[in-house]
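The values are calculated or read from the model by the stated rules, or taken from the named source; none is laboratory data. No experiment lies behind these values; they were computed from the predicted model shown. Note that each Cβ is placed from the backbone with ideal geometry, even for glycine, and that neighbours are counted across all protein chains shown.
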Amino acid sequence: MKPTETLLNGILDEVRPLIGQGKVANYIPALAEVPASKLGIAVCYNDGEIIQAGDSQESFSIQSISKVLSLTLAMALYEPDELWARVGKEPSGQAFNSMIQLELENGIPRNPFINPGAIVISDMLYSRLCAPQYRMLELVRELSCNPQIVYDKIVANSEMQHSDRNASIAYLMRSFGNFNNEVMPVLNNYFSYCALKMSCVDLARTFSYLANKGQPLGAKTPIISQTQSKHINALLATCGLYDGAGEFAYRVGMPGKSGVGGGIVAIVPGEMTIAVWSPELDQSGNSLVGTAALEKLSARIGRSIF
Ligand code: DON
């Protein structure tokens, strides 16, 4: 069954009472100011049709959802052997900003979707692109068909001012020889990617290439191959929700990626891309109400990869 706007509105009404059970991220002070009551959802079919409800057109900080875009760019720039020598493909079972495994595993992050993995990928982009921030912006504007997308400089600066943990992660990886550039300029790029401001509609359109074998909406050629798209979806299904990946697979059953801004993107390969936004997070840093909305949607439309 195809979701309709009525179905999406109904699901938002059902999950709205859960607002208050999670916590808006406050370790990045600029994010703490976002009202907890925001709630939006958008579905983009592979034919380009969009169905939406709630605050689906309001922009928010995509945070770690950007890690998927960084990996996509890196896959186009590096041979698989070069890329996967520097970052793994296994779930971490640890918090997204944990350093414990990094020390024990010689500075090689478990996967590209935890902070250490995305920071290594940012280092790789920095080495091969002359203007990585510009290239990223160009990519999201093209994929979302929205030329208005910008970096939120207030959020990026707020992260830069509270960067001790991410900087420690980068320096630790450098001590193991898994970081090739100066730490702060690379982190500056990483924070900008996280500070991209996008709406649920923008996100659902942007990530439609993962539901469509690497082929973005509105572009003539695929941005990645069908095999690379399968690879990213597999990593999203196992690692996209951090130490909450198993719970998300159990409840929602779709490859997905969350961000501490409260957004989650979920993919139904071959069919549709879904984006939800609700700022309060659960203990793993994933949107609490967003996960509940996706769980209900997956049950109502009978879609899951399992
Ligand atoms: O580096 C950080 O901690 C944030 N910019 C991104 C973390 C994040 O979104 C984790 N997601 N749930």
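General observations
- Residue list for segment 141-189, restricted to those being in contact with a strand residue (DSSP E or B) (Cβ under 8 Å, 6 or more places away or on another chain), in contact (Cβ under 8 Å) with a residue 60 or more places away in the chain and within 16 Å of the ligand (Cβ to nearest atom): 152, 155
- Applying the condition of being in a helix (DSSP H, G or I), hydrophobic (A, V, I, L, M, F, W, C) and over 11 Å from residue 262 (Cβ atoms) to segment 6-39 and asking which residue is farthest from the ligand (Cβ to nearest atom) yields 7.
- Looking only at segment 59-81, and only at residues there that are out of contact with any helix residue (DSSP H, G or I) (no Cβ under 8 Å at 6 or more places or on another chain) and not hydrophobic (A, V, I, L, M, F, W, C), the one that is nearest to residue 178 (Cα to Cα): 81
- Helices (runs of 4 or more DSSP H) completely within segment 135-209 that count 1 or more residues being among the hydroxyl-bearing types (Ser, Thr, Tyr) and buried (at least 16 other Cβ atoms within 10 Å of the Cβ): 153-161, 183-194, 200-206
- Scoring residue 43 on the criteria (1) away from the ligand (no atom under 13 Å from the Cβ); (2) out of contact with any Asp or Glu (no Cβ under 9 Å at 6 or more places or on another chain); (3) of a type in the set (A, V, I, L, M, F, W, C) leaves a single failure, condition (2).
- For the criterion of being within 16 Å of the ligand (Cβ to nearest atom), loosely packed, with under 14 Cβ neighbours inside 10 Å and modelled with pLDDT of 95 or more, residue 128 fails.
- Selected residue (only one of 213, 220 is away from the ligand (no atom under 14 Å from the Cβ), outside any strand (DSSP E or B) and touching a residue at least 12 places away in the same chain (Cβ under 8 Å)): 213
- In segment 73-99, the residues that are within 16 Å of the ligand (Cβ to nearest atom) reach residues that are of a type in the set (D, E, K, R) and in a loop (DSSP other than H, G, I, E, B) with C-beta atoms within less than 9 angstrom, at least six apart or across chains, in these pairs: 87/110; 91/110; 92/110; 93/110; 94/110.
Residue-by-condition table, conditions (1) over 21 Å from residue 224 (Cα atoms); (2) more than 15 Å from the chain's Cα centre (by Cα):
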| position | (1), (2) |
| --- | --- |
| 102 | yes, yes |
| 112 | no, no |
| 118 | no, no |
| 121 | no, no |
| 131 | no, yes |
| 145 | no, yes |
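- Within segment 13-31, residues that are in the same structural domain as residue 294 (by TED's automatic domain parsing) and within 20 Å of residue 196 (Cβ to Cβ) sit with their Cβ atoms under 6 Å from residues that are within 12 Å of the ligand (Cβ to nearest atom) and of a type in the set (Val, Ile, Thr), at 6+ positions apart or across chains, in these pairs: 25/260; 30/155.
- Tally of residues being farther than 19 Å from residue 53 by Cβ and within 14 Å of the ligand (Cβ to nearest atom) across segment 265-295: 6
- Among the residues of segment 53-94, the ones that are within 20 Å of residue 156 (Cα to Cα) and either part of a helix (DSSP H, G or I) or modelled with pLDDT under 95 (or both) come to 9 in all.
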